[in-house]
Amino acid sequence: MLHLAGAILPVFLVVAAGYAAAWRGFLGPAHVDGLMRFGQGIAIPLLLFRAMAGLDLRAGFDPALLGAFYGGAAAGFTAGLLGARFLFRRDWEDAVAVGFVGLFSNSLLLGLAITERAWGAGALAGNFAIIALHSPFCYTLGIAAMEIARAHGTGLAPPALAGRILRAVLSNTLVLGILAGLALNLSGLALPEPAMAAVNLVADAGIPAALFGLGGILLRYRPEGDRATILYITAVSLVLHPAVTFGLGHLSGLPPAGMRSAVVTAAMAPGINAYLFADMYGRARRVAASAVLAGTIASVLSAAFWIAVLP
């Protein structure tokens, strides 16, 4: 129990501190936005750059690991999409936005931080492999589904759709950091020591800054209305996604290290990107925002459960 508390509580205490600072007015909306812009736009891309530059690509990109995690993610998207459409009678565009909530777990701020707290920095190779494909996979699936839903059966020009998806993916700074690190890794070169030291200084600040900023962001997303839909998609994110990931990992013989990375990441709350996607299309914003808040609180329990279960 003390091990669980030591792994989980520090992460959520930082989030809670950011929430309290914003609630008491110590940080205004502009401060919170600036902190998140620094964390997610600069420091964390450098963290991913550093990780990808030094990652053992053969060991990290295990097909069983990626198949288990993204199979679970696809199941979450499908359950969210069909549930929103047929259980809650939302139109197809709303249903895609709700499905995206079940797809996009908080792999970076929560999954990475909690895995490191529970099993140490040496356990993160699987996390970085998941994160490397996370935004490209999720945004490609989400944007393609939304564009098809918006077409209302009129048909889409495949080149236009592909171009829209590619622009959305490549405009993401996290993806750019990953690609730059991968290029350096494949080149066999290394940054000069002073440059790498500077990267380390900024990268090490990324997770704490973004967690603190996340607390301030969550203050804005107070649940109201749509409670059944919010409860449903939160359960899909925190229960279905990790359960499917665990099952697929077990069937494929995924080693314990990979299983920990995949399942704990799958058990995390919907990420802020779930709301950003809904806001980008103006669909199901209240459901997405409220699910991010409710899921972040409830993921204390989902994280504790899986850390206790996994070896």
Exercise for the section: Among the residues of region 273-289, write down those that are of a type in the set (A, V, I, L, M, F, W, C) and assigned to a loop (DSSP other than H, G, I, E, B). Expected result: ALA284
Practice task
State yes or no: is THR154 surrounded by fewer than 17 Cβ atoms within 10 Å (Cβ to Cβ), modelled with pLDDT under 75 and either part of a helix (DSSP H, G or I) or among the hydroxyl-bearing types (Ser, Thr, Tyr) (or both)?
Solution key: yes
Problem - Every residue from region 1-18 that is at pLDDT below 80, of a type in the set (A, V, I, L, M, F, W, C) and in a helix (DSSP H, G or I) - result: LEU2, LEU4, ALA5, ALA7, ILE8, LEU9, VAL11
Exercise for the section: Taking only region 267-293 into account, find how many residues are buried (at least 22 other Cβ atoms within 10 Å of the Cβ) and either out of contact with any strand residue (DSSP E or B) (no Cβ under 6 Å at 6 or more places or on another chain) or without any contact (Cβ under 8 Å) to a residue 12 or more places away in the chain (or both). Expected result: 17
Exercise for the section: Can you confirm whether region 211-222 contains a residue that is of a type outside the set (Ser, Thr, Tyr), buried (at least 24 other Cβ atoms within 10 Å of the Cβ) and more than 18 Å from TYR19 (Cα to Cα)? Expected result: no
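The values are calculated or read from the model by the stated rules, or taken from the named source; none is laboratory data. Computed from a predicted model, the values in this text were never measured in an experiment. Neighbour counts run over all protein chains shown; Cβ positions are idealised from the backbone, glycine included.
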